[in-house]
Amino acid sequence: MKNTNPWWLWVTGAFFGILGLMELFVDSGEKPAIVEYPMAQLFMLFTLLLLIAIALIVQSIENVMFQTLSEEAKARYLESKSKKWEWTWARKTYARLMGAKPIEAEGEIILDHNYDGIRELDNKLPPWWVYMFYASIVFGLVYMLRFHVFGGYDQDLEYERNVAAAQLEIEEYKKNAKDLVDANTVELLTDAADIKAGEELFTINCVVCHMADGGGGIGPNLTDDYWILGGGIKNVFHTISEGGRDGKGMIAWKQNLKPLEMAQVSSYILTEIHGKTAANPKAAEGEIWSGPSAPEKSAPEEGVPVQETDTTSVVMNQ
């Protein structure tokens, strides 16, 4: 007997169903369980072979049982197997929504109009269209009552709410995206991991000019309160990013370091080097800087100018 059952369909469906259940209940982190665990691969291979074996066994049993039937029973069985599956509920629902008359019943709705042998039918509007029209009337009434009678929110208020929500999302994103900082938005980092990373970057890139303790060599002393281009996290970040004075300052590190790395180096300088005592400090250069994040001990000496700086803007003394 020719088997008309597409056994491979239910084998495939059962296989992927079991695979989905395994992925649902087996915790494998970011990777799929079948990729993370070799045992899962063996299990699914065994499952596939078992499903195929079950399908073949069922087919064999069906063929054997078919041979035991009488010729009349065989004919009825084959007829039942050849019937196509039909979704009766969907077909009836579609017919109700369309509301169309079958061709055999068109004589009931033919009008007297006759144009060169062309007869006009008095078809009603499809029920689905009528239902949508009624729904739009209900929606319009609700909308009018809410926004024009009872004073619901208007477009301006909706815009302000959306902008406020977007601003909160942006702020939350910036908290977790430190590489978006620049000289205007950078803040002093105090996390131990950031300070450690800043120390490593300072050792690799800055020690050659500023010494390991920040006392200064080719570059200026970083331990005192004198700054050539301004102190504070914003000014130090800007100096590292854009470089020092033209022709005699350090290079711009923005091509070599990421914004987060420059923020880490700047924070390391201000928290671990500035204010410490260097072994062989270089003579002071620049001016004493007194700003919102300057140490409280900083005090101008007699005859020394004091540079007052608002760290919301970057000082650029060329």
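Structural remarks
- Taking the listed residues 254, 248, the one that is under 41 Å from the mean Cα position of the chain (by Cα) and either over 14 Å from residue 274 (Cβ atoms) or at pLDDT 90 or above (or both) is 254, with no other qualifying.
- Selected residue (criterion: surrounded by the fewest Cβ atoms within 10 Å (Cβ to Cβ)) from residues of the stretch 228-262 that are basic (Lys, Arg) and farther than 21 Å from residue 177 by Cβ: 248
- Residues that are free of Cβ contacts under 8 Å to residues at least 40 places away in the same chain and either assigned to a loop (DSSP other than H, G, I, E, B) or touching a His at 6+ places or on another chain (Cβ under 8 Å) (or both) within the stretch 1-60 comprise 2, 6, 26, 27, 28, 29, 30, 31, 32, 37, listed in sequence order.
- Number of positions in the stretch 96-135 that are surrounded by 12 or more Cβ atoms within 10 Å (Cβ to Cβ), among the small types (Gly, Ala, Ser) and either assigned to a helix (DSSP H, G or I) or out of contact with any Pro (no Cβ under 6 Å at 6 or more places or on another chain) (or both): 1
- The criterion of at least 1 residues that are farther than 22 Å from residue 288 by Cβ and of a type in the set (S, T, N, Q) is met, among helices (runs of 4 or more DSSP H) falling completely within the stretch 187-275, by 192-205, 232-242, 259-268.
- Filtered by the rule that a residue be of a type in the set (Asp, Glu) and either touching a strand residue (DSSP E or B) at 6+ places or on another chain (Cβ under 6 Å) or buried (at least 20 other Cβ atoms within 10 Å of the Cβ) (or both), the stretch 209-227 gives 224, 225.
- Summed over the stretch 9-54, the residues that are exposed (fewer than 14 other Cβ atoms within 10 Å of the Cβ) and modelled with pLDDT under 80 give a count of 2.
- Qualifying position, being modelled with pLDDT of 90 or more, of a type in the set (Asp, Glu), part of a helix (DSSP H, G or I) and surrounded by 10 or more Cβ atoms within 10 Å (Cβ to Cβ), among 172, 160: 160
The values are calculated or read from the model by the stated rules, or taken from the named source; none is laboratory data. Only a predicted model underlies this, so the values are computations on that prediction, with no experimental measurement involved. Backbone-built Cβ (ideal geometry, glycine too); neighbour counts: all protein chains shown.
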